[in-house]
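The values are calculated or read from the model by the stated rules, or taken from the named source; none is laboratory data. Every value quoted in this text rests on a predicted model; they were computed, and no experiment measured them. Here the Cβ positions follow ideal geometry from the backbone for every residue, glycine too, while neighbour counts run over all protein chains shown.
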Amino acid sequence: MIVRLVLWLAALFDRHMARSSASTPQPPNPLPDQGLDEMIICSLPSVSYNAEADARLAECAICLMEFVDGDVTRVLPHCGHGFHVSCVDRWLRCHSSCPSCRGSVVAEEGCYK
Ligand SMILES: [Zn+2]
Ligand SMILES: [Zn+2]
């Protein structure tokens, strides 16, 4: 009788533990948002803005100024968003994602192998 009670309590405890551990899921591989290496930032393409050629780039999402012909912009290769070089360089020194869409600026892991 006592043994059965102990087993019952053990089973109850197990179930409780399983439920409480399931309610606090650990985030998988939290990646800290670190800035990019100066070398990587410099290797991103920069172009001189031309309103006719870059019609889809209207303004810099960082400083919210409209681009004017001759502005030097850096276009992120993966998402195609463009920003002033000085604006985006400052941003990328402490972030590794696009300031507009939060997409990864550099190629995902695996491409360099
Ligand atoms: Zn800007
Ligand atoms: Zn983007």
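Got a sec? Which of Val105, Val72 is away from ligand 1 (no atom under 15 Å from the Cβ) and touching a Ser or Thr at 6+ places or on another chain (Cβ under 7 Å)?
After applying the criteria, what remains is Val105.
Could you tell me whether any residue of the range 35-47 is touching a strand residue (DSSP E or B) at 6+ places or on another chain (Cβ under 9 Å), without any contact (Cβ under 8 Å) to a residue 24 or more places away in the chain and within 16 Å of ligand 2 (Cβ to nearest atom)?
No, the range 35-47 contains no residue that is touching a strand residue (DSSP E or B) at 6+ places or on another chain (Cβ under 9 Å), without any contact (Cβ under 8 Å) to a residue 24 or more places away in the chain and within 16 Å of ligand 2 (Cβ to nearest atom).
I'm told Ser20 meets every condition in (1) in a loop (DSSP other than H, G, I, E, B); (2) modelled with pLDDT under 80; (3) not hydrophobic (A, V, I, L, M, F, W, C) except one. Can you identify the failing condition by its number?
(1)
Restricting to the range 37-58, give me the number of residues that are in a loop (DSSP other than H, G, I, E, B), within 24 Å of the chain's Cα centre (by Cα) and surrounded by 11 or more Cβ atoms within 10 Å (Cβ to Cβ).
Going through the range 37-58 one residue at a time, the tally reaches 4.
Going through the range 73-98 one residue at a time, which ones are modelled with pLDDT of 95 or more, under 17 Å from Tyr49 (Cβ atoms) and either more than 15 Å from ligand 2 (Cβ to nearest atom) or in a loop (DSSP other than H, G, I, E, B) (or both)?
Val85, Ser86, Asp89
Only one of (1) free of Cβ contacts under 8 Å to residues at least 12 places away in the same chain; (2) within 14 Å of ligand 2 (Cβ to nearest atom) fails for Ala53. Which number is that?
The number of the failed condition is (2).
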